[in-house]
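S.K.: Take a look at the following structure, please.
The values are calculated or read from the model by the stated rules, or taken from the named source; none is laboratory data. Since the structure is predicted, the reported quantities are computational estimates derived from the model, not experimental observations. Counting neighbours? That spans all protein chains shown, and the Cβs are built from the backbone with ideal geometry, glycine included. Heads up: the accessible areas ignore ligands, DNA and RNA and are worked out on the full protein's heavy atoms, side chains in. Shrake-Rupley method; radii C 1.70, N 1.55, O 1.52, S 1.80 Å.
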Amino acid sequence: MAVCTVHTTQSLNPTCSISKPSSFFGHSPRQLVVLASPGGNSSTIPKRKGGVLKVTCSSGDTIVIGLAADSGCGKSTFMRRLTSVFGGAAEPPKGGNPDSNTLISDTTTVICLDDYHSLDRTGRKEKGVTALDPRANDFDLMYEQVKAIKEGKAVDKPIYNHVTGLLDPPELIKPPKILVIEGLHPMFDPRVRELLDFSIYLDISNEVKFAWKIQRDMAERGHSLESIKASIEARKPDFDAYIDPQKQYADAVIEVLPTQLIPDDNEGKVLRVRLIMKEGVQYFKPVYLFDEGSTISWVPCGRKLTCSYPGIKFAYSPDSYFGHEVSVLEMDGQFDRLDELIYVESHLSNISTKFYGEITQQMLKHSDFPGSNNGTGLFQTIVGLKIRDLFEQITEAKAGASLQAAKA
Ligand SMILES: Nc1ncnc2c1ncn2[C@@H]1O[C@H](COP(=O)(O)OP(=O)(O)OP(=O)(O)O)[C@@H](O)[C@H]1O
Ligand SMILES: O=C(CO)[C@H](O)[C@H](O)COP(=O)(O)O
């Protein structure tokens, strides 16, 4: 939430700062929660006892979502699914750097935190640090800029060029309705973490990460098996030290593991995916299967769902994760026919769809995206819908508070 510049008929001293005010008409310096839509506005609210408050807001309704994962773990795919839930395509800033990492759509702006690398490729090599190391990243700037966007201010964000390995001149980022910060460290710095309205961690097990890396870097980028292995090994200590621990802070974790349906499977094609959802998060109600809070194991294969070997198994239960109460929804296996997903969808609750079958429709629409036939695509789509719901609830709550304030 941002704070507006406030003029009163008694005091002409404007103030502008950021805080979490506990009461609407606070003490000096007067601070007021912004209750305006992005784009900025100015309104006059009658003061409770005489005088008038003139409130000028530059904006301030940007909600901030953090998405953390290692490189090559499906962040871009997830972002494409999320943007699609809001409608419209996401594109790099028009007329800007062709190597920009930013994606802008009507509602969302996705910025890649690689842009806050403080050391370029040569710098990291010289200093002997990886990009995962906090010393290779500028967290002060990351914090200042994410905070500024959340307050409704445009920023000149640096660009890390993955083609050249250099830091390019900055690009202008205007405050969107939803800002997604995706990358290696969205929940690393406590100050940045505090700015997040919702956070997600994509937790890809080593076996699966390896299989995906091989698939992409060997098939699409011509890397050798040895070089892929070496790169994973070289990153592992820093991954364990700086990236993986962030999952304890996430509101939702999508965990991707090898299947348990095929004994000793090492192909990594069939996946067991777990959606771990924190309880008690404002504006977020965990999804459940059949009966909230129960422990359920469900094999839907049969007359309504076609399943070839090794089948599909769902599970749902309450659990504990890093000391937090969570609900866990699990899917092991893969769909043969995506249109039959409607059968599964109709047994899930709290999915925040706007019409019957919306999940199935989204999945069918992007059936060519990686993971569309398994729990990765299903749970990414569900989290996308939950983020839309969160955004709508926050917007509604602010509009309601605005109305109340105007009446007071
Ligand atoms: N759900 C999935 N199922 C199977 N393969 C997947 C899945 N998600 C991603 N992949 C594989 O991983 C690769 C990387 O995916 P994606 O580009 O979405 O990841 P990323 O985290 O954005 O990567 P980077 O940070 O390196 O740009 C894809 O090309 C694909 O091979
Ligand atoms: O972990 C990464 C996040 O995407 C990259 O390896 C990091 O950004 C460095 O990029 P490059 O390898 O292109 O220099």
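S.K.: Evaluate the distance, in nm, between pseudo-label points positioned 7 Å from the Cα of residue 97 and of residue 76 along their respective Cα→Cβ axes.
M.R.: Rounded to a tenth, the inter-label distance reads 1.7 nm.
S.K.: Can you pull the three principal axis extents for the Cα set of the chain, in Å, largest first?
M.R.: 75, 56, 41
S.K.: Next question. For region 353-408, what is the largest minus smallest coordinate of the Cα atoms on each principal axis, given in angstrom and ordered from greatest to least?
M.R.: Principal-axis extents of the Cα atoms in region 353-408, largest first: 53, 19, 13 Å.
S.K.: Residue 301 versus residue 401, label points 7 Å from Cα toward the beta carbon: distance in nm?
M.R.: 5.0
S.K.: Something else now. Along region 369-374, what does the Karplus equation 6.51 cos²θ - 1.76 cosθ + 1.60 (θ = phi - 60°) give for ³J(HN,Hα), rounded to whole Hz, x for Gly and Pro?
M.R.: Each residue of region 369-374 in turn: 6, x, x, 6, 9, 9 Hz.
S.K.: Okay, next question. Let me check I've understood the local charge: for residue 396, count other residues with C-beta under 12 angstrom from its C-beta, Lys and Arg +1, Asp and Glu -1. What total comes out?
M.R.: It works out to a net charge of -2.
S.K.: Note the full-extension length gain between residue 221 and residue 106 as 0.36 nm times their separation in residues minus their Cα-Cα distance, in nm to one decimal.
M.R.: 38.2 nm
S.K.: Which order do the peptides 352-365, 378-391, 99-112 take when ranked by the mean count of other beta-carbon atoms within 10 Å per residue, highest first?
M.R.: In descending order of packing, they fall as 378-391, 99-112, 352-365.
S.K.: Just how much of residue 153 is accessible, in Å², when a 1.4 Å probe is used and the result is rounded to the nearest 10?
M.R.: Roll a 1.4 Å probe over it and residue 153 shows about 90 Å².
S.K.: Could you tell me whether region 138-283 comes out rounded, prolate or oblate from its Cα gyration tensor? Rule is a ≥ b ≥ c as square roots of the eigenvalues, rounded for a/c under 1.5, then prolate if a/b exceeds b/c, otherwise oblate.
M.R.: oblate
S.K.: Between residue 408 and residue 347, what's the calculated FRET efficiency when r is the beta-carbon distance and R0 is 45 Å? Round to 0.05.
M.R.: About 0.50, to the nearest 0.05.
S.K.: With the cut-off at 28 Å, report for region 61-201 the share of all Cα pairs above it, as a whole percent.
M.R.: Tail fraction, whole percent: 10.
S.K.: Using amide H atoms built 1.01 Å from N in the peptide plane, name the residues 5+ places from residue 312, or on other chains, whose amide H lies under 5 Å from its own.
M.R.: 301
S.K.: How do 198-205, 344-351 rank on mean C-beta neighbours within 10 Å, highest first?
M.R.: Sorting 198-205, 344-351 by mean packing, highest first, produces 198-205, 344-351.
S.K.: Once the other residues with Cβ under 11 Å from the Cβ of residue 227 are scored (Lys, Arg +1; Asp, Glu -1), what is the net sum?
M.R.: With Lys, Arg at +1 and Asp, Glu at -1, the net is 0.
S.K.: Where in region 334-364 does the label zone of residue 290 land, with the point 7 angstrom along Cα→C-beta and an amide N cut-off under 16 Å?
M.R.: 344-349
S.K.: Please name which of 380, 323, 306 has its Cα lying farthest along the dipole of region 251-392 towards the positive end, using unit charges on Cβ (Lys, Arg +1; Asp, Glu -1) and the Cα centre as origin.
M.R.: Going by the charge dipole, the pick is 306.
S.K.: If I model a spin label at residue 154 and residue 368 as a point 7 Å from the Cα along the Cα→Cβ vector, what separation in nanometres do I get?
M.R.: 3.4
S.K.: While we're looking at this one, here's another question. At R0 = 25 Å, how high is the FRET efficiency between residue 135 and residue 279 if r is their beta carbon distance? Nearest 0.05 is fine.
M.R.: So, using R0 = 25 Å, E works out to roughly 0.10.
S.K.: Hey, another quick one. Determine the calculated [θ] at 222 nm for the chain from helices alone, applying -39500 (n - 2.57) to every DSSP H run no shorter than 4 residues and normalising by the residue count; nearest 500 deg cm²/dmol.
M.R.: -8000 deg cm²/dmol
S.K.: Just to confirm a number: summing +1 for Lys and Arg and -1 for Asp and Glu over residues other than residue 324 whose beta-carbon lies under 12 angstrom from that of residue 324, what do you get?
M.R.: Residues close to residue 324 contribute a combined charge of -2.
S.K.: Still on this structure, please answer the following. Kindly work out what percent of the DSSP beta bridges joining two residues of the chain are antiparallel, to the nearest 5.
M.R.: Antiparallel bridges make up about 70 percent of those DSSP assigns within the chain.
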